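Student: Okay, here's the structure, questions in a sec.
The values are calculated or read from the model by the stated rules, or taken from the named source; none is laboratory data. What you see is a predicted model; the values in this text were computed from it and never measured. Neighbour counts run over all protein chains shown; Cβ positions are idealised from the backbone, glycine included.
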Amino acid sequence: MAAHLRIVLGISGGIAAYKTPALVRLFQKSGAEVKAVCTPAARAFVSDLTLRTITGHPVYIDDPLRDSDMEHIALAKWADFCLVCPATANTIAKITHGIADNLLTSLALSFEKRLVIAPAMNTGMWQNPATRENIALLVRRGTYVLPVGDGDLACGDEGPGRLIELETIVDYVNSLNTPKLLARKKVLISSGPTWEPIDPVRGITNRSSGKMGAALARGAWLAGAQVTVVSGPAAAMLPGAVKVIRVTTALEMLHVMEQEFANADICIMAAAVADFRPGEYLSEKKHRDQNAPWNIELISNPDIAEHLGRNKNGRFLVGFSLEIDDGDARPLEKMKKKNCDMMVVNRVETSLEGDSSIVRILYPDNTADHCGFQGKKEIALYILERVAARMGFSHG
C-alpha cells in the first residue's frame, strides 16, 4: 500500500465492530492513515475513546450538538477509500437504495472514489434474497464487495456471513491500490521447509519459516496474479485469497509442483527443500539404547527446481540460493544448472526465521540487482517487480 493512503472506516452496528481497533492498527502498519465514522448502533460495540486513541483523530458520529452537516463531504474529499466494516444487512440496504439517514450512509452516498463493503451478519440475513439482490446491485454499480467467512457466528449459528479475517481485508484494500504488474498471470510458489520422517515421531527439517514464500504469495496476488502456493509445514500465515496446497516431504512437493507447473506462467522456488532424507523409514519409534549410537543413512532428495527447469517450455523460473558468503560463483552455477531465469541469493544469518533479509538477484546475462536490508514483504515486491520487468509486463 502506498504511504499515507487515507481511509475512512465506516463502522456499523454489528458484533464484529469490536474488531475494528485491530483493523485500524493493521492499516496503520501498512502505511495508511485512518479516520473512523460510527453509526449510533456501532457505538454499543466499540468505544469512541478507543477509536480516537488508536486513529489519532476525532471519531465522527451523529451528534446534534455538533455542527456536522458537512462532515460527510469533508471526509469524502479527504479519503482515498471508504471501507464500511462491518457492513450490516441494514446498512448495506440503505447504501444500495440511497438512504442517507446517518453520517455513514450520507458519506457513502456522496463518496465518489473507491467504496468497499465488508459484510458481516447472520447466515439467514446473508442468504436472504433481499440482501443478495442488494449486494448484486452494489457490485454492478462498481462498489467493491468483499466475501464473507464461513463458520461459527456470534449468535451460535454456523454458516456463511461472518466477517473475513482482518489481514485479508487489508490485503483486499491493498490490492485496489497496487499496480497490476502480473494481471491475469498464473504464479506458482513453493514455500516453507519440508519434513523428512525418520520414524513416526522424528524427522529431518530446517529452520525455514515460510515468511518469504508468504510475502511473495501476497505480493503476487496484490499485483493481480492468480496464485498457487505449495507449502511445506510452515508457521507463516498465507493470504486467504490464494490457493494453498499443503505437503510434507520433498517427494510430495515434487509431485505437486510437477502437476501445477503445467498451468503456471511464473514459478518461484522459495521453499527450503531438504537436500537429504533418511534411506529407511522406521514404522515404529526407535527407543534409546544408552550405550549404542544410532547411525542414519541419508540419501539425496531430487532437485525440484532443476527438474522443472528441464521442462520450462517458456515459463519463467525463479530460483533461491541460500549461501554462507557473498560469492556469486555457486549461485551462478546453480542458475545455469537449473535453467533458471533469475536467482535470488540470500544469506543464512539474515534469511531463515526473521521478518527482514538482504538479497541480490542474479540473471543469466551476468547482470545483477541488489536489495538492501528490508522487510520480507518489501523484498518480495521488489523481486516481483524484477520478474515483471524481465518478462516485459506493463501495468495491468
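Student: Would you say residue 240 is within 29 Å of residue 9 (Cβ to Cβ), part of a loop (DSSP other than H, G, I, E, B) and either touching a residue at least 40 places away in the same chain (Cβ under 8 Å) or touching a Cys at 6+ places or on another chain (Cβ under 9 Å) (or both)?
Tutor: yes
Student: What are the residues in region 198-232 that are touching a strand residue (DSSP E or B) at 6+ places or on another chain (Cβ under 6 Å) and β-branched (Val, Ile, Thr), if any?
Tutor: Result: 198, 204, 205, 227, 228, 229, 230.
Student: Quick check: is even one residue across region 365-376 surrounded by 10 or more Cβ atoms within 10 Å (Cβ to Cβ) and part of a loop (DSSP other than H, G, I, E, B)?
Tutor: There is no residue in region 365-376 that is surrounded by 10 or more Cβ atoms within 10 Å (Cβ to Cβ) and part of a loop (DSSP other than H, G, I, E, B).
Student: Continuing with this model, one more query. Restricting to region 149-186, and then to whatever is buried (at least 19 other Cβ atoms within 10 Å of the Cβ), hydrophobic (A, V, I, L, M, F, W, C) and in contact with a strand residue (DSSP E or B) (Cβ under 7 Å, 6 or more places away or on another chain), can you tell me which residue is nearest to residue 119 (Cα to Cα)?
Tutor: Checked region 149-186; the qualifying residue nearest to residue 119 (Cα to Cα) is 163.
Student: Name the residue, out of 136, 93, 100, that is at pLDDT 95 or above, in the same structural domain as residue 63 (by TED's automatic domain parsing) and either closer than 21 Å to residue 43 by Cβ or touching a helix residue (DSSP H, G or I) at 6+ places or on another chain (Cβ under 9 Å) (or both). Give the derivation first.
Tutor: Working: 136 fails: either closer than 21 Å to residue 43 by Cβ or touching a helix residue (DSSP H, G or I) at 6+ places or on another chain (Cβ under 9 Å) (or both); 100 fails: at pLDDT 95 or above.
So the residue among 136, 93, 100 that is at pLDDT 95 or above, in the same structural domain as residue 63 (by TED's automatic domain parsing) and either closer than 21 Å to residue 43 by Cβ or touching a helix residue (DSSP H, G or I) at 6+ places or on another chain (Cβ under 9 Å) (or both) is 93.
Student: Still on this structure: Say whether the condition of being free of Cβ contacts under 8 Å to residues at least 40 places away in the same chain, over 19 Å from residue 148 (Cβ atoms) and touching a Cys at 6+ places or on another chain (Cβ under 8 Å) is met by at least one residue in region 19-32.
Tutor: no
Here is a yes/no grid of residues against (1) in contact with a Phe, Trp or Tyr (Cβ under 9 Å, 6 or more places away or on another chain); (2) part of a loop (DSSP other than H, G, I, E, B); (3) among the acidic types (Asp, Glu):
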residue: 168; (1), (2), (3): no, no, no
residue: 171; (1), (2), (3): yes, no, yes
residue: 228; (1), (2), (3): no, no, no
residue: 252; (1), (2), (3): no, no, yes
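Student: Further, regarding this structure: For region 116-130, give me each residue that is crowded, with 22+ Cβ neighbours inside 10 Å and free of Cβ contacts under 8 Å to residues at least 40 places away in the same chain.
Tutor: The answer is 117, and nothing else.
Student: Go through region 315-330 and give me each residue that's among the hydrophobic types (A, V, I, L, M, F, W, C) and at pLDDT below 90.
Tutor: Matches in region 315-330: 322, 324, 329.
Student: Within region 1-111, considering only helices (runs of 4 or more DSSP H) that don't extend past its boundaries, which have at least 2 residues that are more than 25 Å from the chain's Cα centre (by Cα)?
Tutor: Because the criterion is at least 2 residues that are more than 25 Å from the chain's Cα centre (by Cα), the helices (runs of 4 or more DSSP H) in region 1-111 that meet it are 48-55, 71-78, 89-96, 103-110.
Student: Does residue 152 fit the bill of being in contact (Cβ under 8 Å) with a residue 24 or more places away in the chain and charged (D, E, K, R)?
Tutor: no
Student: Yes or no: region 334-346 includes at least one residue that is under 27 Å from residue 202 (Cα atoms), assigned to a strand (DSSP E or B) and touching a residue at least 40 places away in the same chain (Cβ under 8 Å).
Tutor: We begin by selecting, within region 334-346, every residue under 27 Å from residue 202 (Cα atoms); these are none.
No, that holds for no residue.
Student: Could we say that residue 76 is surrounded by fewer than 21 Cβ atoms within 10 Å (Cβ to Cβ) and under 20 Å from residue 144 (Cβ atoms) here?
Tutor: Yes, satisfied.
Residues are listed down the side, and each one gets a yes or a no for (1) under 24 Å from residue 388 (Cα atoms); (2) surrounded by fewer than 17 Cβ atoms within 10 Å (Cβ to Cβ); (3) of a type in the set (Phe, Trp, Tyr); (4) outside the structural domain of residue 306 (by TED's automatic domain parsing):
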position	(1), (2), (3), (4)
253	no, no, no, no
258	yes, yes, no, no
262	yes, yes, no, no
267	yes, no, no, no
272	yes, no, no, no
281	no, yes, yes, yes
286	no, yes, no, yes
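Student: In region 295-324, what residues are in contact (Cβ under 8 Å) with a residue 40 or more places away in the chain, under 25 Å from residue 185 (Cβ atoms) and in contact with a strand residue (DSSP E or B) (Cβ under 7 Å, 6 or more places away or on another chain)?
Tutor: 304, 308, 315, 316, 317, 318, 319, 320
Student: Over 27 Å from the mean Cα position of the chain (by Cα), free of Cβ contacts under 8 Å to residues at least 40 places away in the same chain and more than 30 Å from residue 392 (Cα to Cα) - does that describe any residue in region 159-181?
Tutor: no
Student: If you check residue 101 against the conditions, is it without any contact (Cβ under 8 Å) to a residue 40 or more places away in the chain, surrounded by fewer than 22 Cβ atoms within 10 Å (Cβ to Cβ) and not β-branched (Val, Ile, Thr)? Working first, answer last.
Tutor: Details: without any contact (Cβ under 8 Å) to a residue 40 or more places away in the chain: yes; surrounded by fewer than 22 Cβ atoms within 10 Å (Cβ to Cβ): yes; not β-branched (Val, Ile, Thr): yes.
Yes.
Student: Tell me whether region 4-19 contains one or more residues that are modelled with pLDDT under 95 and buried (at least 23 other Cβ atoms within 10 Å of the Cβ).
Tutor: yes
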